[in-house]
Structures are given as structure tokens and as C-alpha cells.
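Novice: Provided herewith is a single structure, encoded as C-alpha cells, for subsequent inquiry.
Just so it is clear, none of the values below were taken in a lab; they were calculated from the coordinates. Computed from a prediction, not measured in an experiment: that's the story for all the values here. Because the Cβ atoms are built from the backbone with ideal geometry, glycine has one as well, and the counts that use them run over all protein chains shown.
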Amino acid sequence: MIKITVDGLPAPQGSKVRNRAGAIYESNKAVGPWREAVRAETQRAVDRPLTGAVMAQIWFRLARPRGHYGTGRNAGAVRASAPDFPHGKPDVDKLARAVLDGLTAGGAWTDDAQVVTLEVHKVYAEKTGADIRLQEVAVIR
């Protein structure tokens, strides 16, 4: 099993945009640095690319909005009415797409098409980033 921890602000990989000159670029400017962080941490963690079918698990650690915390003497305490999970934007599939591309660039595998199982979670945490687990899977017949 390969374990990769990437600290930073997870950014979703959105749609591509074409400018007037015809050049294509990412609509979200934050995705480039995030993908680069994933690539760098992947290169540190991976000795050799995975060659078979891969199970990928990703936990995105997102910051709670300020409105989830109390005020005054309750500052720092999460309000009872605050949601347990970040069920709004960014979309979990767009977050995963950026990470999978970063893992490919970092040499985790040859192609992210090798991923046969993808488990993705969004959770609130004090330190933002992502925790990634990759494992080759074998079919038991």
C-alpha cells in the first residue's frame, strides 16, 4: 500500500476554457498549484509505478467556514447546528479528478484508467489537504 499526504488547499479541476487566441487553460487557477503539490508528494512516496488494477482512497481535508463556530465565550467551539460533513462545493468528483491527474504526473501509475475502485471522502479538518491510499488489487477466483 502506498500512503501519500498532501498538505494545502484542495482545488477542483473544472472545465477547460478557450481564450480569444484559441489557447486552452483551466478555468480554476488554483488547480495548477494543487496538482503540482500532489505530483511532488507522489514522487516522494512512490518507488515504482503500480502496474495492475488499483484501488484508490482519498480523504479531502477541508476547512470549516467561520460561520460554523460560535462567538464570544463560545469562540472556537463548533456550533451544534453546523453540518458534520462538507456537503457543498467543491464537488467531490472534480476534487478527485485533480488528484488523479497529479498522481499520474507523479508516477503512481502509467494511466489513471488503472483505477478500478475509487473511494472519495470530504471531511472537515484543521489542516487542509488530502490523504491518499493506493493499492494494487487482485481478483480472487
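Novice: Once the Cα atoms of helix 92-105 and of the chain are each reduced to a long axis, what angle between those two axes, in degrees from 0 to 90 to the nearest 10, is obtained?
Specialist: Around 40 degrees separate the two axes.
Novice: Still on this structure, please answer the following. Could you work out the relative contact order of the chain? I mean the mean sequence separation of Cα pairs under 8 Å and 6+ apart, divided by the number of residues, in percent. Write down the numbers at each step before the final one.
Specialist: Values: 265 pairs, mean separation 61.2, N = 141.
That works out to 43 percent.
Novice: Next up: So which lysines pass the test for K3, namely a Cα distance under 24 Å, with those fewer than 8 places away in the same chain ruled out?
Specialist: Partners found: K94, K122, K127.
Novice: Related question: Angle between the Cα long axis of helix 31-45 and the longest principal axis of the chain, 0 to 90 degrees, nearest 10?
Specialist: 60
Novice: Moving on. How much net charge surrounds G76 when only other residues with a Cβ under 12 Å from its Cβ are counted (Lys, Arg +1; Asp, Glu -1)?
Specialist: Numbers: positive: R64, R66, R73, R79; negative: E126.
Around G76, the charge tally is +3.
Novice: Sorted by packing (mean other beta-carbon atoms within 10 Å per residue), highest first, where do 68-75, 122-129 land?
Specialist: Working: 68-75: 10.2, 122-129: 14.1.
My ranking of the peptides, most packed first, is 122-129, 68-75.
Novice: Grab the other residues whose beta carbon is less than 9 angstrom from that of Q57, score K and R as +1, D and E as -1, and report the net. Mind dumping the intermediate values first?
Specialist: Numbers: positive: R133; negative: E119, D131.
Around Q57, the charge tally is -1.
Novice: Okay, helix-only estimate at 222 nm for the chain: each DSSP H run of n ≥ 4 adds -39500 (n - 2.57), divide by all residues, round to 500 deg cm²/dmol; what do you get? Before the final figure, lay out each step's value.
Specialist: Working: 2 runs with 29 residues, N = 141.
Rounded to the nearest 500, it is -6500 deg cm²/dmol.
Novice: Below 15 angstrom from the Cβ of G129, what's the summed charge of the other residues (Lys, Arg +1; Asp, Glu -1)? Please report the intermediate quantities before stating the final value.
Specialist: Details: positive: K3, R35, R39, R44, R61, R64, K122, K127, R133; negative: D7, E36, E41, E126, D131.
Cβ neighbours under 15 Å give a net charge of +4.
Novice: For the chain, what is the convex hull volume of the alpha-carbon atoms per residue, in Å³? Before the final figure, lay out the partial values.
Specialist: Working: hull volume 20.8 nm³, N = 141.
In the chain, the Cα hull volume divided by residue count equals 148 Å³.
Novice: Per-residue counts of other Cβ atoms within 10 Å, averaged by peptide: what ranking do you get for 56-67, 95-106, highest first?
Specialist: Sorting 56-67, 95-106 by mean packing, highest first, produces 95-106, 56-67.
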